[in-house]
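Novice: Starting off with a structure, shown below.
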Amino acid sequence: TLTVSGGTSPYTAQWANFATGLFQGNLSAGNYPITITDAKNCIQNIVVNIPQAPLFDVNPIKNDVTCFGANNGSIALNFVGGIAPISLVWNDGSTSGTTRNNLGPGTYTVTIIDSKPCTIVRTFVITEPQPLVLSANLTNALDCNNTNTGTINLLISGGNAPFVYSWNNGATTEDLTNINAGNYTVTVTDSKGCTKTAQYVIVRPSPIVVQVNTSTVHDCVTKFVKQTFSANVSGGVAPYQNIWSSGVVSGTNNEIMNTNVNGLVTLTATDALGCSSSYNFDVKIPLLGYSNFSNNSYSYSTYGTFSIQDAIQFTNLSTGDFVNIAWDFGDGSFSNLENPSHIYVSEDTYIVTQTVTYPFGCIEKHIISIIVDKGYKLIMPSGFTPNTDTLNDYFTPVYRGLSDLRLDIYDTWGAVIFSEQGNNIKGWNGTISDIQSENGNYYYKLEAKTFYGNTIKEEGPLVLIK
């Protein structure tokens, strides 16, 4: 605004910038030549200087959000120049002053006014990176023979490249190859220190386990037995195809086999991945038979009778696939041996029972009776007629089952007139020193041993008649 005095009013003013009038606004700093003319055309030239105001500016420092969702952006206002006091207003109503921390993504505007009042308006845009997202393409370890065929192809989006990788198996590469089944954890760190952890599972089916279940139908009376074999497969990847080395096969996946032939059979199961496993087993169809046995002893084979104190051998003749044999010898004695021997100590008739147990609890019995005697026979005659007619010419015992016999003949005065010893004695012919004895009464004593070692003695009178 120009203030003019002196001369004759009114006044006019002509500015070098072609403006007129005594007032101009919004002028920048500099020299402004002005020509002033009064009512009488008197002229005055002046130069008005508008000085440069002091510098007033802002050199801000802005930090964007480092990691998605972190809300760690910041704005620091650094003033240059200006005339104190300086005030500022943030458009979001914050009263934080010249420094803003913990900022999320968004637009922040501040108005700054010094005492002139000079005004500065600044707008700041805080950005954040896209979220760090991990995904992967997995290849499971499905090779039948090689367990280390898994791969993890890691896929990364968002974050701030480049990235650093840390796997729980010690690897530091982006991808994993030639790995076995298991859990794999990776932590990815970007250039701003943002991290993301993910876990991936490489799958390998458990090994194929092949077993065979057996079911049996039987009849103890008719001896009928039928077995059915069924595949029991686990592990791998179902469904399974089964191949039997023999037998009649049926079922949707050939899981059932019937056979009446004993021997080695192999079952091979192949899963949906083409992996196979085999199981070998013996087919042994139980044969239900009949109980039977034979028995023999020294006395029976020698003399045709069973004797006390003589071991009788019982020989099992049962047929089929028996699982147990039990014997009851009829005298309170028992045995579970297949071929036992037994000694009877008393003369009697005994009932011997053989009980044969077959598979499935089938029972067969064979029962016989055995007559057991004392094991020898001895008959002593009451007299003899030694008249050379070849009939009853010798006084001799009739016996079996005896050995080491001794026969002594006594006269009526008790003197030994004849003696003979041996396993086969001939007997007394009625002579004394080759002279025929008189008719009359005599006395004998006989001593012998049984085949089982007992000593027996017999004595009594005899009559000699010519």
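The values are calculated or read from the model by the stated rules, or taken from the named source; none is laboratory data. All figures in this text were calculated on a predicted structure; none of them were measured in a lab. Note that each Cβ is placed from the backbone with ideal geometry, even for glycine, and that neighbours are counted across all protein chains shown.
Novice: Considering region 1-57 alone, what residues qualify as being closer than 30 Å to GLY82 by Cα and among the hydroxyl-bearing types (Ser, Thr, Tyr)?
Specialist: Passing the criteria: THR1, THR3, SER28, TYR32.
Novice: Out of all the residues in region 58-78, which are in contact with a strand residue (DSSP E or B) (Cβ under 6 Å, 6 or more places away or on another chain) and either among the small types (Gly, Ala, Ser) or in a strand (DSSP E or B) (or both)?
Specialist: Matches in region 58-78: VAL58, ILE61, LYS62, ASN63, GLY73, SER74, ILE75, ALA76.
Novice: From the list ILE456, ILE417, which residue is touching a residue at least 12 places away in the same chain (Cβ under 8 Å), closer than 30 Å to GLY304 by Cβ, surrounded by fewer than 18 Cβ atoms within 10 Å (Cβ to Cβ) and hydrophobic (A, V, I, L, M, F, W, C)?
Specialist: Within the list ILE456, ILE417, the selection yields ILE456.
Novice: On to the next question. Could you list all residues from region 212-251 that are part of a strand (DSSP E or B) and of a type in the set (D, E, K, R)? Talk me through it step by step, then tell me what you get.
Specialist: Keep residues of region 212-251 that are part of a strand (DSSP E or B), which gives 212-219, 224-234, 241-244, 248-250.
Of everything in region 212-251, those that are part of a strand (DSSP E or B) and of a type in the set (D, E, K, R) turn out to be ASP219, LYS226.
Yes/no matrix, rows are residues, columns are (1) surrounded by fewer than 17 Cβ atoms within 10 Å (Cβ to Cβ); (2) in a strand (DSSP E or B):
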{"position": "VAL89", "(1), (2)": "yes, yes"}
{"position": "SER96", "(1), (2)": "yes, no"}
{"position": "ARG100", "(1), (2)": "no, yes"}
{"position": "THR109", "(1), (2)": "yes, yes"}
{"position": "ILE112", "(1), (2)": "no, yes"}
{"position": "SER115", "(1), (2)": "yes, no"}
{"position": "GLU128", "(1), (2)": "no, no"}
{"position": "LEU142", "(1), (2)": "no, no"}
{"position": "ASN148", "(1), (2)": "yes, no"}
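Novice: Identify, from the list VAL237, VAL212, the residue that is surrounded by 11 or more Cβ atoms within 10 Å (Cβ to Cβ) and at pLDDT 95 or above.
Specialist: The unique qualifying residue is VAL212.
Novice: Name the residues in region 159-173 that are at pLDDT 95 or above and surrounded by fewer than 16 Cβ atoms within 10 Å (Cβ to Cβ), would you?
Specialist: If the condition is that a residue be at pLDDT 95 or above and surrounded by fewer than 16 Cβ atoms within 10 Å (Cβ to Cβ), then PRO162, VAL164, SER166, ASN168, ASN169, GLY170, THR172, THR173 are the ones that fit.
Novice: Next question, about the same structure. Determine if region 219-233 includes at least one residue that is without any contact (Cβ under 8 Å) to a residue 60 or more places away in the chain, surrounded by 15 or more Cβ atoms within 10 Å (Cβ to Cβ) and either touching a Cys at 6+ places or on another chain (Cβ under 9 Å) or farther than 30 Å from ILE363 by Cα (or both).
Specialist: yes
Novice: I would also like to ask the following. It is to be established whether one or more residues within region 54-68 are under 30 Å from ASN160 (Cβ atoms), aromatic (Phe, Trp, Tyr) and touching a residue at least 60 places away in the same chain (Cβ under 8 Å).
Specialist: Initial filter on region 54-68 (under 30 Å from ASN160 (Cβ atoms)): 58-68.
Applying the additional criterion that residues be aromatic (Phe, Trp, Tyr) yields 68.
In the following step, the residues that additionally are touching a residue at least 60 places away in the same chain (Cβ under 8 Å) were identified as 68.
Within region 54-68, one or more residues are under 30 Å from ASN160 (Cβ atoms), aromatic (Phe, Trp, Tyr) and touching a residue at least 60 places away in the same chain (Cβ under 8 Å).
Novice: Continuing with this model, one more query. Can you tell me which residue in region 186-196 is nearest to the chain's Cα centre (by Cα), limited to those that are part of a strand (DSSP E or B) and touching a residue at least 40 places away in the same chain (Cβ under 8 Å)?
Specialist: Out of the qualifying residues, it is VAL186.
Novice: Which ranges mark the strands (runs of 3 or more DSSP E) fully within region 355-466 that have 3 or more residues being within 60 Å of the chain's Cα centre (by Cα)? Before you say what the answer is, go through the steps one by one.
Specialist: Working: elements: 363-373, 377-379, 398-400, 402-410, 416-422, 440-450, 455-464.
Per the criteria, 363-373.
Novice: Would you tally the residues in region 420-453 being surrounded by fewer than 16 Cβ atoms within 10 Å (Cβ to Cβ) and of a type in the set (A, V, I, L, M)?
Specialist: Here the count works out to 2.
Per-residue answers, yes or no, for (1) aromatic (Phe, Trp, Tyr); (2) more than 30 Å from GLY236 (Cα to Cα); (3) over 60 Å from the mean Cα position of the chain (by Cα):
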{"position": "PRO85", "(1), (2), (3)": "no, yes, yes"}
{"position": "ASP92", "(1), (2), (3)": "no, yes, yes"}
{"position": "GLY106", "(1), (2), (3)": "no, yes, no"}
{"position": "THR111", "(1), (2), (3)": "no, yes, yes"}
{"position": "VAL125", "(1), (2), (3)": "no, yes, yes"}
{"position": "GLU128", "(1), (2), (3)": "no, yes, no"}
{"position": "VAL133", "(1), (2), (3)": "no, yes, no"}
{"position": "ASN146", "(1), (2), (3)": "no, no, no"}
{"position": "LEU155", "(1), (2), (3)": "no, no, no"}
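Novice: Filter region 312-358 down to the residues that are touching a His at 6+ places or on another chain (Cβ under 6 Å) and touching a residue at least 40 places away in the same chain (Cβ under 8 Å) and list them by number.
Specialist: Narrowing region 312-358 to residues touching a His at 6+ places or on another chain (Cβ under 6 Å): 312, 329, 354.
Residues satisfying the conditions are ILE312, GLN354.
Novice: Now a separate question. Working only within region 117-126, note down all residues that are in a strand (DSSP E or B) and surrounded by 14 or more Cβ atoms within 10 Å (Cβ to Cβ).
Specialist: Across region 117-126, the qualifying residues are ILE120, ARG122, PHE124, ILE126.
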